[in-house]
Each structure stands twice: as C-alpha cells, then as structure tokens.
Amino acid sequence: METAEFLKILDHEGQLLAAAAEEAGLDAPVPTCPDWQVRDLLRHTGTVHRWAAGVVTGAATSRPAFPDAPDIDGTELTAWYRDGHRRLVDTLGGAPRDLTCWTFHPAPVASPLAFWVRRQAHETTVHRYDAEAARGGQASPVGTDFAADGIDELLRGFHARARSRVRSESPRVLRVRTTDTGAAWTVRLSAGPPVTEPGTSDDATAELSGPADQLYLALWNRLPVPTVTGDPEPTNLWLANSGI
C-alpha cells in the first residue's frame with residue numbers, strides 16, 4: 001500500500017472514532033479495553049496523535065518522552081481529540097518524503113515518514129473499533145488489504161522487538177494465514193523474540209487463520225481468532241503472551 005492510502009485511512013478512521021465516541025458518551029465502558037471508559041480512549045489516542053506529530057515535526061532522532069494526557073472532559077475533550085487528529089493528518093501530509101526521524105521498529109522501504117503514516121493509520125483503526133464497540137451496533141469495515149498489512153506490521157514489526165513477550169524454551173513454528181488474500185507468515189518461536197518470515201513453511205505445527213479483517217482484529221486482541229488448528233502449545237503461547 002502507498003503512503004497516500006495510509007494517510008487517507010488515518011483521516012477517515014480518526015473521524016469515525018470521534019463520531020462513535022460522541023454517540024457512545026464519555027462515560028460508556030469500552031468492552032475491548034476493560035479498564036477504560038470512552039474518555040480514557042480519547043485521552044490515550046489523542047495523546048498518541050500529538051506525540052507522533054511531535055516526532056515528525058521535530059525530526060526527533062531518539063524516542064521522546066510520552067506526554068501525560070490532559071485533565072479535561074466533556075465537549076472540551078472531544079474537541080481536543082479532533083484537533084490533535086487533524087494536526088497529525090496535516091503534519092504527515094505536509095512532511096517531506098525524505099524525512100529523517102526516529103522510529104520504534106524498522107521503517108517500511110527505509111522511510112520514516114512511511115512508518116509513521118502506516119503506524120498511525122493502524123493505531124487509529126484499532127482504537128476506532130474500540131470506540132464503536134463502546135457505542136454498540138455494527139462496526140465499520142476494515143479494508144482487506146489494509147488488514148493484511150496490519151498483520152504484517154504486528155508480526156514483523158512489533159514482535160520483532162526485544163520487548164515481545166512471546167518466548168518458548170523449545171523452538172516452535174506457527175503459521176498465520178489469511179483465508180481471503182492468500183497472505184501467510186511463518187512465525188518462529190524461541191527463547192528470543194519471534195522471527196517472522198512472509199510465506200509458509202512445512203515445519204509449522206500450528207496455524208491461526210481467518211479472513212484478513214477478522215484475523216487483524218483478533219491478533220490485536222479485539223476478537224477471538226477465527227480458526228486455530230494444530231499443536232495447541234505454540235498457539236497457546238502466542239495467545240497468552242502476544243498482547244501489546
């Protein structure tokens with residue numbers, strides 16, 4: 001997917017999040033984040049948006065401190081969220097394509113700008129789903145190609161980092177597969193961080209699979225995994241320890 005596509009998705013998803021939050025009400029519990037009400041969701045996502053925009057605007061070369069969420073509520077909080085989302089979209093849309101700045105896992109096509117647009121599109125989409133879960137009713141769809149990309153980012157980005165908690169004393173091999181796009185990943189579990197390669201491998205002993213949109217939300221701990229087959233040990237390890 002192109003950076004412009006991710007930016008368009010980020011813009012749209014952020015607006016959907018705000019609308020769902022307003023419909024749900026700030027006191028509504030967020031069933032996908034059991035400790036949160038909608039106000040917590042807005043504070044978190046709005047702070048992430050401002051933090052990411054600050055990294056890009058300042059061309060930060062190391063991880064900046066994550067700011068505290070503001071102590072505001074009501075319509076002021078909703079307006080603050082909307083303003084931060086708009087600022088992020090405008091910042092990313094106006095940034096130079098050859099931007100150099102810090103990223104927290106490898107940037108796609110060696111482009112920090114591409115990293116931040118992609119990352120914030122997925123961040124906002126997952127939290128939009130949270131807001132719609134709080135509101136109730138039918139959730140907005142997640143595009144198939146975008147969902148497959150998000151699975152790739154999670155497996156080969158987040159879980160390639162040293163902080164991934166998915167570890168196995170004995171080597172294990174897990175396959176992750178979308179049933180509608182044909183995309184697949186081989187995840188090798190060991191005492192170190194998982195190592196994920198695109199494609200399938202004959203030595204995988206277990207598989208997590210399903211339509212891309214459902215599997216995407218499942219791997220982000222928002223839905224049950226549609227289909228789990230094979231050896232239960234690697235899948236149990238993953239499901240118990242892969243939360244971000």
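The values are calculated or read from the model by the stated rules, or taken from the named source; none is laboratory data. Predicted model only: the values in this text are computed from it and were never measured. Here Cβ is always computed from backbone atoms with ideal geometry, including for glycine, and neighbour counts include all displayed protein chains. Only protein heavy atoms, including side chains, enter the accessible area calculation; ligands, DNA and RNA are left aside. Shrake-Rupley method; radii C 1.70, N 1.55, O 1.52, S 1.80 Å.
Within the range 177-231, restricting attention to residues that are closer than 18 Å to D149 by Cα, in a strand (DSSP E or B) and among the hydrophobic types (A, V, I, L, M, F, W, C), the residue that is most open to solvent (accessible area, probe 1.4 Å) is V195.
Say whether the condition of being closer than 17 Å to A95 by Cβ and open to solvent by 70 Å² or more (accessible area, probe 1.4 Å) is met by at least one residue in the range 30-42. I'd like the intermediate steps shown before the answer.
As a first pass, look at the range 30-42 and keep what is closer than 17 Å to A95 by Cβ: none.
Taking every residue of the range 30-42 in turn, none turns out to be closer than 17 Å to A95 by Cβ and open to solvent by 70 Å² or more (accessible area, probe 1.4 Å).
Looking at the range 62-69, can you tell me whether even one residue there is without any contact (Cβ under 8 Å) to a residue 12 or more places away in the chain and not aliphatic (A, V, I, L, M)? No - not one qualifying residue is present in the range 62-69. Counting the residues of the range 22-62 that are touching a Phe, Trp or Tyr at 6+ places or on another chain (Cβ under 6 Å) and part of a loop (DSSP other than H, G, I, E, B) gives 4. Kindly check whether there is at least one residue in the range 150-165 that is over 25 Å from R118 (Cα atoms), of a type outside the set (D, E) and over 17 Å from the mean Cα position of the chain (by Cα). Taking every residue of the range 150-165 in turn, none turns out to be over 25 Å from R118 (Cα atoms), of a type outside the set (D, E) and over 17 Å from the mean Cα position of the chain (by Cα).
Among the residues of the range 1-21, those identified as surrounded by fewer than 20 Cβ atoms within 10 Å (Cβ to Cβ), part of a helix (DSSP H, G or I) and charged (D, E, K, R) are E5, K8, D11.
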